[in-house]
Amino acid sequence: MSAQDPRFDDDTGPEPPDSDVHAGEYVLGVLDAQQRRQAQARIAADPEFARAVADWERRLATLLDEIAPVDVPAHLWPRLRTHLGWSPVSEQPRGVWQNLGFWRAATAVAAAAALAALFVGRVPQTPTPTPPIAVEPAEQAKPVTTLAHDDGSPGWLASLDIKQGKVLMVPVPAPADAQGRVPELWLIPAGEAPRSLGLVSIDKAHTVAVPSDLLRALKPGSTLAITLEPAGGAPQGIPTGPIVAKGGLQTI
């Protein structure tokens, strides 16, 4: 394998993940309960991290549009009511308090009120003149590519940082291959042979470095693909296993 095994780069050791990785994990919901509470506290205290979370939410919002809504099975509500210690069947006529639309609207209003209260609480009641502050332009959102399985389900999300020459890989957690093979990431420029970018994780976000001679290929028309290879990676840097996920590079 020509590209180095990143050991999942700088995110496998005892050091915490960088802000962009942590924000992506929070938005995707792969953190445990304690980590999620810590991330929420960090959002409130760290404006830069809050912007990273908002950036991830905006980038992934378009993916939600591709998911068709599914009706909740009728048998699920009685099970939920029983789990909560209620009667499996409501004995009261449905009114505004049982109206799902009402609760959705109330939740939205409460969230907006909480957000407004947060900002009102931070604004001083008696503003004092301050010297002009130079405002840096907002960083352009990084393109996100979905690496999908043959059935269309997402396997990994790849966020391209062309300026830094890195790809942030965020997997949809999955079990390890029964045959002991490992996933390897390939960049396939249009009309060219696949080039290995190294092994990728199946259960945690991490960054993969892109060789300088391949930065030119980080553009529409190129493809990111993942194959299953022997432990340690494909021999001679040539893919030997099946393609389990792939996606064409996108632009903003």
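Tabulated values for the structure
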| item | result |
| --- | --- |
| Matching residues in the range 150-181 - criterion: being polar (S, T, N, Q) and under 12 Å from GLY24 (Cβ atoms) | SER159 |
| Some residue of the range 178-187 being under 20 Å from the mean Cα position of the chain (by Cα) and among the small types (Gly, Ala, Ser) | no |
| Positions within the range 170-204 being closer than 18 Å to GLY247 by Cβ, among the charged types (D, E, K, R) and either open to solvent by less than 50 Å² (accessible area, probe 1.4 Å) or not in a strand (DSSP E or B) (or both), in sequence order | GLU184, GLU192 |
| Near pairs, Cβ below 6 angstrom, 6+ apart or cross-chain, from the range 184-205 (over 16 Å from GLY233 (Cβ atoms)) to any residue that is open to solvent by 10 Å² or more (accessible area, probe 1.4 Å) and not in a strand (DSSP E or B) | ILE188/PRO194; ALA190/GLY221; ASP203/PRO173; ALA205/GLU25 |
| Pair list, Cβ < 6 Å and 6+ apart or interchain, from the range 39-56 residues that are closer than 9 Å to ALA23 by Cβ and open to solvent by less than 70 Å² (accessible area, probe 1.4 Å) to residues that are among the basic types (Lys, Arg) and part of a helix (DSSP H, G or I) | PHE49/ARG42 |
| Residues that are within 23 Å of SER159 (Cβ to Cβ), open to solvent by less than 50 Å² (accessible area, probe 1.4 Å) and either in a loop (DSSP other than H, G, I, E, B) or in contact with a helix residue (DSSP H, G or I) (Cβ under 7 Å, 6 or more places away or on another chain) (or both), drawn from the range 214-238 | LEU218, GLY233 |
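Here's the yes/no breakdown for (1) touching a Leu at 6+ places or on another chain (Cβ under 7 Å); (2) not β-branched (Val, Ile, Thr):
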position: ALA176; (1), (2): no, yes
position: VAL182; (1), (2): yes, no
position: GLU192; (1), (2): no, yes
position: LEU197; (1), (2): yes, yes
position: ILE202; (1), (2): no, no
position: THR207; (1), (2): yes, no
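The values are calculated or read from the model by the stated rules, or taken from the named source; none is laboratory data. What you are looking at is a predicted structure, and each value in this text was computed from that prediction instead of being measured. Glycine also receives a Cβ, built like all others from the backbone with ideal geometry; neighbour counts cover every protein chain displayed. For the accessible areas, the whole protein counts, side chains as well, though only heavy atoms, and no ligand, DNA or RNA atoms are used. Shrake-Rupley method; radii C 1.70, N 1.55, O 1.52, S 1.80 Å.
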